[in-house]
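The values are calculated or read from the model by the stated rules, or taken from the named source; none is laboratory data. All values reported here derive from a predicted model rather than from experimental measurement. Here the Cβ positions follow ideal geometry from the backbone for every residue, glycine too, while neighbour counts run over all protein chains shown. Calculation scope for accessible area: heavy atoms of the full protein, side chains included, ligands and nucleic acids excluded. Shrake-Rupley method; radii C 1.70, N 1.55, O 1.52, S 1.80 Å.
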Amino acid sequence: MKNQVYWKFGKILQRDGWSDEQFITTDSTGVITNISKRLECDVDHKVNGMLIPGFQNAHSHSFQYAMAGLAECIGQGKEHDDFWSWRESMYHLALKINPEQLQVLATQLYSEMLDHGITQVAEFHYLHHDKDGKQFQNLAEMGERLIAAASAVGMGITLIPIFYSKGGFGRGPGPEQRRFICATVNDYKKLCEVSQLSCAHYKRAKLGLGVHSLRAASEDQIRDIVDMNTDGRPIHLHIAEQQKEVTDCLEYYSKRPVRWLIDNFDVNSNFHLVHATHMDTSEVNQLAATGAGVVLCPSTEGNLGDGLFPLKTFAEAGGSYSIGSDSHIGLSPLEELRWLDYGQRLIEKKRNILCRDQGLESGELLFHQTYKTGTRAMGKTGTENYFEVGSELTGVVIKDELPLLQATSSKKILSTLIYSYGKEALKGTLVAGAWHNSVETAAFKNLLGELKNRF
Ligand SMILES: [Zn+2]
């Protein structure tokens, strides 16, 4: 392979906006060595397209992809369907999947994410033990399978081993949760130590920390885990996704979930609260002031009937937010961003409600905000610009031959992409200077046949 590879892009998006006709030089490992307006030698790859950084998927439970589209009817003997009945189906699936199957499933899923322009995923990983609930000989067996899947397709992964010890506020776990449980925080520390070693084998893997939810751990346990975080890792937890969680928390702690968390912990920018759907106005304002990020997953939240996050108020208070595909009922980050905004428009019965300044494009605002907070949720320090000397040439190329995009001024490209297009507008995804190729689906088809769950 050549020592230097020369690329030309129609446009590239940097943090401060678009630049036309840019040349990027990479070394043989796909690391950028130069970005310039001019090049004195022949180009190796002339890309007719617009390069943007890859999307950050800040919340994923890979195994749930195998049940996408399967819980769309009311179960027998049920009067209605909701999050809690969906959860029964999810538990049923969680008890079936072995390590090899998880790797196959995640490889397919991550490959499809790359097809959609996602280049980094945070795995909120709680499927730790074998089907009987016993520890694997390798404590990080299942997490290692996720890292292997990411490595196979070039996906960046932030593995977040999740602490999960209870079945509800003040209640022990149920047998259906046996694969998730760490009996003690010490067990969790050991799991994190082994997981850290697993991450060390793949250069695009990082380790985060996480607690499943306030209902899945005691106050002391949460405190011990927060105290473990001496090196500024992201800490993820589900919170206030369902109204019932708020009611249960009020009953147990006499406070709403987000209120209780803020009052009892030094919530800061390392925290990433997943969903946080149900907050009162004082919770919204105070959470925004802590600097914590919120991870919003509009397609899953819509699918599960969670409710709508008060994004307008949160954003007005200066809150930070990212997106995730969570259960993977949808995989398109463009759709997540669009619905993040449309949900608010439908509540307010107004348009462009996230923009506080005249002339600011909703598409630009959504893209930059979710990228910035998304990289933080991954535990990345982030770079000054999106493409920089010393970082890998990783990003998504948008087709510039599509008539709408071709005729659009730079200022309106992201809005046109987010509000008017899906995957068909993407020319391809680059990972360290190599085009992503979709994986063969044979292994995944076999796996679905083995699971026998899609009837
Ligand atoms: Zn989740």
**the chain: antiparallel DSSP beta bridges as a percent of all, rounded to 5** = 40 percent
**From phi via Karplus (6.51, -1.76, 1.60), per-residue ³J(HN,Hα) for region 26-42 in Hz, x at Gly/Pro** = 10, 8, 5, 9, x, 8, 5, 10, 7, 10, 8, 7, 10, 9, 8, 10, 6
**Charge tally in the Cβ shell below 13 Å around residue 49, where Lys, Arg are +1 and Asp, Glu are -1, residue 49 excluded** = +1
**Request:** Leaving ligands, DNA and RNA out of it, work out the accessible area of residue 206 with a 1.4 Å probe and give it in Å² to the nearest 10.
**Result:** 80 Å²
**Request:** Enter the angle in degrees (range 0 to 90, nearest 10) between the Cα long axis of helix 219-228 and the first principal axis of the Cα atoms of the chain, meaning the one along which they spread out most.
**Result:** 40 degrees
**Request:** Could you work out how far apart the two model spin labels at residue 37 and residue 152 are, taking each label as a point 7 Å from the Cα in the direction of the beta carbon, and quote it in nm?
**Result:** 4.6 nm
**Asked** Okay, helix-only estimate at 222 nm for the chain: each DSSP H run of n ≥ 4 adds -39500 (n - 2.57), divide by all residues, round to 500 deg cm²/dmol; what do you get?
**Response** -11000 deg cm²/dmol
**Asked** Over what distance in Å are the Cα centres of region 3-76 and region 84-152 separated?
**Response** 25 Å
**Request:** May I ask you to derive the relative contact order of region 25-178, considering only C-alpha pairs under 8 Å and at least 6 residues apart, and to give it as an integer percent?
**Result:** 24 percent
**Prompt:** How long is the gain from residue 406 to residue 85 if the chain were fully straight, where each residue apart is worth 0.36 nm and the alpha carbon distance is subtracted?
**Reply:** 110.9 nm
**Request:** Compute the long axis of helix 141-153 from its Cα atoms, compare it with the longest principal axis of the Cα atoms of the chain, and write down the angle in degrees, 0 to 90, nearest 10.
**Result:** 20 degrees
**Prompt:** Where does the charge balance sit around residue 99 when Lys and Arg score +1, Asp and Glu -1, over other residues with C-beta under 15 Å from its C-beta?
**Reply:** -2
**Asked** Separation between the residue 391 and residue 138 pseudo-spin-labels, each 7 Å from Cα along Cα→Cβ, expressed in nm?
**Response** 3.1 nm
**Residues whose placed amide H lies under 5 Å from that of residue 14, excluding near-sequence neighbours** = 19
**Over region 202-282, relative contact order from alpha-carbon pairs under 8 Å, at least 6 apart, %** = 33 percent
**Message:** Taking amide H atoms as placed 1.01 Å from N in the peptide plane, list the residues 5 or more away in sequence, or in a different chain, whose amide H sits under 5 Å from that of residue 391.
**Reply:** 32
**Item:** HN-Hα J in Hz across region 383-390 - Karplus 6.51, -1.76, 1.60, θ = phi - 60°, x for Gly and Pro
**Value:** 10, 4, 10, 6, 10, 9, 4, x
**Item:** Relative contact order of the chain, defined on C-alpha pairs under 8 angstrom at six or more residues apart (%)
**Value:** 20 percent
**Integer Hz, Karplus 6.51/-1.76/1.60 couplings in order for region 300-311, x for Gly and Pro** = 5, 4, x, 4, 8, x, 5, x, 10, 5, x, 5
**Message:** What is the sum of charges, Lys and Arg at +1 and Asp and Glu at -1, for the other residues whose Cβ falls under 13 Å from the Cβ of residue 260?
**Reply:** -2
**Message:** Using only the alpha-carbon atoms, how far is helix 333-348 inclined from the longest principal axis of the chain? Give it as 0 to 90 degrees, nearest 10.
**Reply:** 70 degrees
**Message:** With the crude spin-label approximation of a point 7 Å out along Cα→Cβ, what separation in nm comes out for residue 187 versus residue 243?
**Reply:** 3.5 nm
**Prompt:** Tell me, what is the FRET efficiency for residue 349 and residue 251 to the nearest 0.05, using R0 = 45 angstrom and their Cβ-Cβ distance as r?
**Reply:** 0.85
**Complete:** Violations at 19 Å Cα threshold for listed pairs 399/423; 96/190; 46/372; 11/37; 46/399; 8/427 -> 96/190; 46/372
**Asked** Rounded if a/c is under 1.5, else prolate if a/b beats b/c, else oblate: with a ≥ b ≥ c from the C-alpha gyration tensor eigenvalues square-rooted, which is region 298-455?
**Response** oblate
**Fill in**
Per the rule of 0.36 nm per residue minus the C-alpha distance, extending residue 357 to residue 218 adds in nm 45.7 nm
**Prompt:** Ignoring ligands, DNA and RNA, how do 28, 62 rank by accessible area with a 1.4 Å probe, largest first?
**Reply:** 28, 62
**Request:** Can you check what the Kirkwood hydrodynamic radius comes to for the chain, Cα pairs only, in Å to one decimal?
**Result:** 22.7 Å
